[in-house]
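Quick notes on the structure that follows.
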Amino acid sequence: MAWFIDFALVLAAASALAVLTFHRISALVTDVPDLATRGGWDILTSRGDVLDASEGFGLSLWRKVVRDVEQAFGLLVIATFLYQWAALALTGRTLGKALLGLKVAPSRARRAALRAAVTTTADVAVYALACVLLVEGEFMLSVLVWAVAVVVFLLNALPVLAPAGRSLADRVAGTAVTGLGLGTPAAVPAPPPAPTYY
């Protein structure tokens, strides 16, 4: 449950970056007159090679769009890492863990950075790389990286179901998630036998 809460924050950041990126790409429309002027100049100086000049104009616009999308994915990875690292290094828990009374121990900065790096890689970074490869036109490589992303996610998540309950991130960083006073409930003593009356 804590992971779902934290991942909801990642999705909120992704949504904000998507809106920002959409506005950045929309702003290119206002830059089109400038690009068109340059494109027009390129056509005038093309010595008749109009196709090459117009292709340069289209590629310039496409490169700007791709750059904006790639920057958004990069920012998402960085923001996810910084959230995980700062939360664990400062308080030993993310918002999701805090809401559920959980804590990562020990919460030293180096261990927090290792745990944050593995968590970010498993949750966001490999998927972001797959999306960037797709935008770059590397379809087959993107599908391969997407499959790797699923495997990495499962390698991090599934060990939590084992008796030790430690994710790959915990194992790499040498940490463990513990409850804050939520351990197993104490055994409730059996009520005394009811008195018998003869």
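The values are calculated or read from the model by the stated rules, or taken from the named source; none is laboratory data. Note that the coordinates shown come from a computational prediction; the quantities given were computed from them, not determined experimentally. All Cβ positions, glycine included, derive from the backbone under ideal geometry; neighbour counts span all protein chains shown.
Within the stretch 165-186, residues that are loosely packed, with under 15 Cβ neighbours inside 10 Å have Cβ atoms under 8 Å from residues that are part of a loop (DSSP other than H, G, I, E, B) and modelled with pLDDT of 85 or more in these pairs: Gly179/Gly101; Leu180/Gly101; Gly181/Gly101; Leu182/Gly101, counting only partners at least 6 apart in sequence or on another chain. Scanning the stretch 163-198 for residues that are of a type outside the set (D, E, K, R) and at pLDDT 85 or above returns Ser167, Leu168, Ala169, Val172, Ala173, Gly174, Thr175, Ala176, Val177, Thr178. Applying the condition of being more than 17 Å from Ala2 (Cα to Cα) and touching a residue at least 60 places away in the same chain (Cβ under 8 Å) to the stretch 76-106 and asking which residue is farthest from the chain's Cα centre (by Cα) yields Pro106. The one condition from (1) part of a helix (DSSP H, G or I); (2) surrounded by 12 or more Cβ atoms within 10 Å (Cβ to Cβ); (3) at pLDDT below 60 that Ser46 does not meet is (1).
Every test in (1) surrounded by 15 or more Cβ atoms within 10 Å (Cβ to Cβ); (2) at pLDDT 90 or above is passed by Thr21 save one, and that test is (2). In summary, Phe4 fulfils each of the numbered conditions (1) at pLDDT 80 or above; (2) surrounded by 14 or more Cβ atoms within 10 Å (Cβ to Cβ) with the single exception of condition (2). Among the residues of the stretch 106-117, none qualifies, meaning not one is over 24 Å from Gly165 (Cα atoms) and at pLDDT below 80. The single condition from (1) assigned to a helix (DSSP H, G or I); (2) touching a residue at least 60 places away in the same chain (Cβ under 8 Å); (3) of a type in the set (A, V, I, L, M, F, W, C); (4) more than 27 Å from Val66 (Cα to Cα) that Val124 fails is (4). For the stretch 91-106, the count of residues that are surrounded by fewer than 18 Cβ atoms within 10 Å (Cβ to Cβ), out of contact with any strand residue (DSSP E or B) (no Cβ under 8 Å at 6 or more places or on another chain) and under 20 Å from Ser15 (Cβ atoms) is at least one. Of Leu129, Leu114, Leu154, Leu141, all but one fail to be over 16 Å from the mean Cα position of the chain (by Cα) and assigned to a helix (DSSP H, G or I); the exception is Leu141.
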